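The values are calculated or read from the model by the stated rules, or taken from the named source; none is laboratory data. Being a predicted model, the structure only gives us computed values, none of them experimental. Because the Cβ atoms are built from the backbone with ideal geometry, glycine has one as well, and the counts that use them run over all protein chains shown.
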Amino acid sequence: MLSARGLTKRFGGVVVAQDLDIDIAAGEVVALIGPNGAGKTTLFNMLTGFTRPDRGTISFAGRSIEGLASHKRARLGLARTWQRPRLFESLTLLDNLIIAEREYPGERLRSLLLRPAQTLQAEARAAVQARVLLERVGLAERADALATALSYGQQKLVGLARALMNDGRCILLDEPMAGVEGRTVEAMKTVIREEARAGKAICIVEHNIGFIRDICDRAVFMFNGRIVAVGAIEELLADKRLTALYFGAH
């Protein structure tokens, strides 16, 4: 579903990503692991169009997407979340999701002016889907609350639901468990498993080893901008060299 070859990125004289190859198949949950500064988020940014690689190729669903702007990749069905939720704080949860719909016509002035009735109908359909997703993440009763009224963990769930509003074929989740605990963890696991069973390709940057051990099919270990190992999470953590790189001690 999503494939990259030879992705390389330098910032000034510092190489932050070096010849990265990665494949994520439909129905698969892949984890990107490694210490801070390994290049995991940089890889996400290159895949989603927020950072232009110096060289390398990226294809999505068999189509080359290098050179496409981030919003055009999103409209193809490549969705992502962020380490921080990045919600629109002055909007309700429902509106945060509605505007994330992949082909939401309300974001285009031409549609609003020339086809107002169709735009309202599309918004009504998006609202129905948004409420379904809020129900899935356990926040249906907070649909009309402002994003600022939620706990940090709840905001992370809204970020996940917003990515699902894209209804695309690939979801990239950047540290979904950071600051999350309790029932929110189980809600995250349930939704991710359901999306994978539905055929979505999912890639997760995450430091919570227990979380990725529970839901990921395989892991990609990164260090200093390189991919140094790929395999089952248990196999990677059993490698003393890798655990020393990850935790900084034997």
Can you tell me which of (1) surrounded by 15 or more Cβ atoms within 10 Å (Cβ to Cβ); (2) closer than 21 Å to HIS207 by Cα is the one GLY56 doesn't meet? (2)
Counting only helices (runs of 4 or more DSSP H) entirely within the stretch 131-250, those with at least 1 residues that are under 20 Å from the mean Cα position of the chain (by Cα) are 152-165, 183-197, 209-215, 233-237
Considering each of ARG84, ARG102 in turn, give the residue that is modelled with pLDDT under 90 and closer than 30 Å to ASP19 by Cβ. ARG84
Among ALA163, ALA127, ALA145, ALA100, which is in contact (Cβ under 8 Å) with a residue 24 or more places away in the chain, within 30 Å of THR8 (Cβ to Cβ) and out of contact with any Phe, Trp or Tyr (no Cβ under 9 Å at 6 or more places or on another chain)? ALA163
Please determine whether any residue of the stretch 78-93 is part of a strand (DSSP E or B), in contact with a Gly (Cβ under 9 Å, 6 or more places away or on another chain) and surrounded by 19 or more Cβ atoms within 10 Å (Cβ to Cβ). yes
Looking only at the stretch 193-222, which residues are among the aromatic types (Phe, Trp, Tyr) and modelled with pLDDT of 90 or more? PHE221
Being modelled with pLDDT of 90 or more and small (Gly, Ala, Ser) is the filter; apply it to the stretch 16-37 and report the residue that is surrounded by the fewest Cβ atoms within 10 Å (Cβ to Cβ). ALA25
